Amino acid sequence: MAQVTLLGAWPSPFVYRVIWALKLKGVDYEYVEEDILYNKSERLLKYNPVHKMVPVLVHAGKPIAESAVILEYIEETWPQNPLLPKDPHGRALARFWTKFGEDKNPALFGFLRTEGEQQVKATKEGQEQLRILEEQGLGDKKFFGGDEIGMADLEFGWLAWWLEVWSEITGVTLIEAESFPRLHAWIQRFKEFPTIKETLPDRSAMLTHYKGYKGLRTPYLALAKS
Amino acid sequence: MADVVILLDAYASVFGMRVRVALAEKGIKYEYREEDLRNKSQLLLKMNPVHKKIPVLIHNGKPVCESLIIVHYIDEVWKDKAPLLPSDPYQRAQARFWADFIDKKLYDAQKKIWTAKGEEQETAKKEFIEALKVLEGELGGKPYFMGERFGFLDIALITFYSWFHTYETLGNFSIEAECPKLISWAKRCMQKESVSKSLPDPKKVYEYILEMKKKLGVE
């Protein structure tokens, strides 16, 4: 099998999305850590000249950038343990919610880069989007993908793990169990799912990492799409 | 059973146009419904409750939203005619990557060309041309973005061509002077009936934008 390499930056949730997809499908890959804040490598600039960001998947020497595009590529190249259903309408829905996650990034991450009154407002806006996600995206399903983890679950994986760490640092709780019972239940299911559970970044290391930045503004910039 | 296909759209929408072109490429019969975006229909609100936006494709009663997701859907359902995406996964990834680039870089820049003035407008023009030049580079010497055949990425970009006259007039610049190869590509696409019949008259788009600016109080 041709060489698969993933250029990433620990502990980016965009990168983890790709790691989960590869692991769920049992694809062997080489991971390469990039310093995206202070010292981007020649390799990264060569493989993603347009955005100069991670993740980048390199397969048989050919690079693919943008996590959503990478996930579709992985799905098509390694069809086992599918992340998308077979029927076109189901696929369109999975892609819709994946895109919702991307488009609402600014609103959902807003509480990370604001303070005081602004942060209260940003938190509310984030929760409005989560309300839509809970009621219309997830509904009564076990996972966004139905009975199995799908593309949209990977998109929102950060809610199941990164959010706790950011909440601890900022003191802001975006998802309370009583207000978002379905999302809360999904969070427990997602992070307990065997392949996912084995593939989560160490929590205390994350705390140290994110605390190291003043007000989380720097990692936010690193996380935000260019 | 015959397919019932309805498209909720607005004639000047670059996103709606993408769906029109895709449907035309596949020769799919559908009912076009023009939405008044200041007075959205009950059907639109019911079929796209999350964003309340057009385009929405309603296929046998089930809605599909987001223009590029709709184009994927059309390609998957009516897969036996005129494939829109290439068959090779890497080529597909490239098409998706550049379509994402168009929706992020190009869309934001073009909006400010017709809503902003002075410094802000100049910056927007610069960003817009830069993005077009990157796309022109991607096109290279090929007739269409993915090679010999018109497809997904051409569809994603060509719809903006109907707005070029508006950008040029309001921004006081010539896109052809900056990106001649891209204009050749656009004219090539416009020779296809699926494209020329799906895009509005650029002069009508300009009049529509002038009216929009008045209503928004942006003159």
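Inter-chain neighbour count for B:101-107: the average number of beta-carbon atoms from partner chains within 10 Å of each residue's beta-carbon is 2. Which shape class, rounded, prolate or oblate, goes with chain B when its Cα gyration tensor gives a ≥ b ≥ c as root eigenvalues, a/c under 1.5 marks rounded, and past that a/b bigger than b/c marks prolate? Oblate shape, in that a/c is at least 1.5 and b/c is the bigger or equal ratio.
Taking the protein heavy atoms of chain B in the context of the full set of protein chains, the accessible area attributed to carbon and sulfur is 51 percent at 1.4 Å. Centre-to-centre, using Cα atoms only, the range B:137-215 and the range A:77-95 are separated by 32 Å. Computed over the range A:45-204, relative contact order equals 17 percent, with contacts defined as Cα pairs under 8 Å that lie 6+ residues apart.
Applying 1/(1 + (r/R0)^6) with R0 = 35 Å to the Cβ-Cβ distance of A:L207 and A:D28 gives a FRET efficiency near 0.70.
Which value at 222 nm does the protein assembly as shown reach when only helices count, each DSSP H run of 4 or more adding -39,500 (n - 2.57), with the total divided by all residues and rounded to the nearest 500 deg cm²/dmol?
Result for the protein assembly as shown, helices only: -16000 deg cm²/dmol.
Within the same chain, lysines fewer than 8 places from A:K197 are excluded, and of the rest, those with a Cα less than 18 Å from its Cα are A:K23, A:K25, A:K142.
Each Cα pair of the range A:75-177 feeds into the Kirkwood radius, which the Stokes-Einstein equation turns, at 20 °C and 1.002 mPa s, into a diffusion coefficient of 146 µm²/s.
Which residues, if any, in the range B:30-51 lose at least 50 square angstrom of accessible heavy-atom surface (probe 1.4 Å) when the other protein chains sit next to their chain rather than the chain being alone? By number: B:V50, B:H51. Between B and A, buried accessible area from a 1.4 angstrom probe totals roughly 2400 Å², ignoring ligands, DNA and RNA.
Assuming a viscosity of 1.002 mPa s and a temperature of 20 °C, what translational diffusion coefficient in µm² per second does Stokes-Einstein assign to the protein assembly as shown, Rh being the Kirkwood radius over Cα pairs? Don't skip to the end; give the middle numbers.
Working: Rh = 23.3 Å.
Roughly 92 µm²/s, to the nearest whole number.
Working note: Karplus 6.51/-1.76/1.60 with θ = phi - 60° gives the range A:188-197 the couplings 4, 4, 5, 6, 8, 4, x, 4, 6, 4 Hz, where Gly and Pro are set to x.
Taking a 22 Å limit on the Cα-Cα distance, which of the listed pairs B:K81/B:K104; B:K112/B:K204; B:K187/B:K215; A:K104/B:K52 fall beyond it? Flagged as over cut-off: B:K81/B:K104; B:K187/B:K215.
When N is the residue count of the range B:95-147, what does its C-alpha Rg come to as a fraction of 2.2 N^0.38 Å? Mind showing how you got there, number by number?
Values: Rg = 12.5 Å, N = 53, 2.2 N^0.38 = 9.9 Å.
The reported ratio for this selection is 1.26.
Sequence-distant contacts, meaning Cα pairs under 8 Å at least 6 residues apart, place the relative contact order of the range A:1-58 at 50 percent.
In whole percent, what relative contact order does the range A:1-130 give with Cα contacts below 8 Å and a gap of six or more residues?
Normalised by residue count, the contact order of the range A:1-130 is 21 percent.
Only helices reaching 20 angstrom along their own axis (Cα) with mean Kyte-Doolittle hydropathy no lower than -1.0 count here, and for the DSSP H runs of chain B these are B:118-139, B:202-216. When the Cα atoms of the range B:103-219 are aligned to their principal axes, the ranges along those axes come out at 45, 28, 24 Å in descending order.
Per residue, the Cα convex hull of chain A amounts to 120 Å³. Once the 1.4 Å probe is applied to the protein heavy atoms, the protein assembly as shown comes out at 46 Å² accessible per residue.
Going by a ≥ b ≥ c, the root eigenvalues of the Cα gyration tensor, does the range B:1-54 fall in the rounded group (a/c under 1.5), the prolate group (a/b larger than b/c) or the oblate group?
Values: a/c = 2.26, a/b = 1.44, b/c = 1.58.
Judged from the Cα gyration tensor, the range B:1-54 comes out oblate (a/c at least 1.5, b/c at or above a/b).
Oblate is the label for the range A:1-112, because a/c, from the alpha-carbon gyration tensor with a ≥ b ≥ c as root eigenvalues, is 1.5 or above and a/b does not exceed b/c.
Between B:K40 and A:N81, the distance separating the two model label sites (each 7 Å from Cα on the Cα→Cβ line) works out to 3.8 nm. Residues of the range A:92-114 buried by at least 10 Å² of accessible area upon assembly of all protein chains, compared with the chain on its own (1.4 Å probe): A:A92, A:R95, A:F96, A:K99, A:F100, A:E102, A:D103, A:K104.
The values are calculated or read from the model by the stated rules, or taken from the named source; none is laboratory data. Computed from a predicted model, the values in this text were never measured in an experiment. Note that we place each Cβ from the backbone using ideal geometry, even for glycine, and neighbour counts take in every protein chain shown. Side chains are part of the model used for accessible areas, which takes the heavy atoms of the whole protein and leaves out ligands, DNA and RNA. Shrake-Rupley method; radii C 1.70, N 1.55, O 1.52, S 1.80 Å.
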